Amino acid sequence: MGRTGLKVSSFCLGTMTFGRQVEEKESIQIIHQAIDAGVNFIDTADMYVNGVTEQIVGKAIKG
């Protein structure tokens, strides 16, 4: 991320479909697979399914 020293993966996991088109259980599995593959950049926004997507991401990365 520029000169901040923060290192992010080359690939970003988009989460716009999580919580609507993709159910929570499968969404969490996808997030875990992405993390296992080295992804540490997850795109989300509170406008995705009225914040449900962010709740799912939070559950997946908790701890």
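The values are calculated or read from the model by the stated rules, or taken from the named source; none is laboratory data. What you see is a predicted model, and the numbers here were worked out from it, not measured in a lab. Heads up, the Cβs are rebuilt from the backbone with ideal geometry, glycines too, and the neighbour counts pull from every protein chain shown.
Residues that are assigned to a helix (DSSP H, G or I), loosely packed, with under 13 Cβ neighbours inside 10 Å and charged (D, E, K, R) do occur in segment 27-45. Only one of the numbered conditions (1) surrounded by 11 or more Cβ atoms within 10 Å (Cβ to Cβ); (2) at pLDDT below 95; (3) not hydrophobic (A, V, I, L, M, F, W, C) is not met by residue 24, and that is (2). Filtering 51, 5 for residues that are at positive phi and in a helix (DSSP H, G or I) leaves a single hit, 51. Counting just the residues of segment 1-21 that are surrounded by 13 or more Cβ atoms within 10 Å (Cβ to Cβ) and of a type in the set (A, V, I, L, M), which one comes out farthest from residue 54 (Cα to Cα)? Among those that are surrounded by 13 or more Cβ atoms within 10 Å (Cβ to Cβ) and of a type in the set (A, V, I, L, M), it is 13.
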